[in-house]
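Read through the structure below, which is laid out as structure tokens, and then see the notes.
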Amino acid sequence: MGFLDRLAALFGLKKKEAHVLCIGLDNSGKTTIINRLKPEKLQVMDIVPTIGFSVEKFAMSNLKFTVFDMSGQGRYRNLWEHYYKDAQAIIFVIDSSDKLRLVVAKDELNLLLGHDSIKVRRLPILFYANKMDCKEALSAVKVATLMGLEQIKNKPWHICASNALTGEGLQEGVDWLSDQFS
Ligand code: G3D
């Protein structure tokens, strides 16, 4: 059973269908992570960089995934807000090696957390501090501090250091997410 099959099985205990939103800035590693998590037969070998606003959607068992970039595209904001109300869990991917854009990621996270469809809901948020293999990568603890995660009080959250190229750390994150629904 793949990671997502297990997660889907757990969601299935309580809900017919669950929507997971996988978001983060462009180039943070969302596509690579999602491709790692998908069962092998669904894996895409060529990962096309996301340009402009594109949304990837796929369903697996009773899990529905929506993946998109939150990068500097204010004009698309109304479009992505549309997906917030359906989300039952969020995977927020951060490029730990891109210190300059951590500030942007933090701003986007705060906008997300303050959104009407999100702020009063106790939905779990899994953060991947991705690209841990990069020499200049910050530790997951440092990323959590710089992102102000300790200020998230009304939602369960967890941060995992990950290397989406090898898959390291991804399992831990999915296990945590699974626990939130079991
Ligand atoms: P996105 O979907 O968030 O836009 P992608 O990001 O999954 O397309 O990844 C962007 C680039 O980062 C890709 O490189 C990808 O291989 C790389 N990447 C993703 N995760 C990791 C990681 O954990 N470590 C390292 N070192 N690189 C990672 P290219 O060169 O194809 O643009």
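The values are calculated or read from the model by the stated rules, or taken from the named source; none is laboratory data. In this text, all values refer to a predicted model and were calculated from it rather than measured experimentally. The protein model used for the area step is the full one, side chains on, heavy atoms only, and it has no ligands, DNA or RNA in it. Shrake-Rupley method; radii C 1.70, N 1.55, O 1.52, S 1.80 Å.
Surface listing: Val67, Val104 arranged by accessible area from highest to lowest gives Val104, Val67, probe 1.4 Å.
Here the Karplus relation 6.51 cos²θ - 1.76 cosθ + 1.60, evaluated at θ = phi - 60°, turns the backbone of segment 154-169 into coupling constants of 9, 9, x, 9, 8, 10, 10, 6, 9, 10, 5, 5, 9, x, 4, x Hz, with x for every Gly and Pro.
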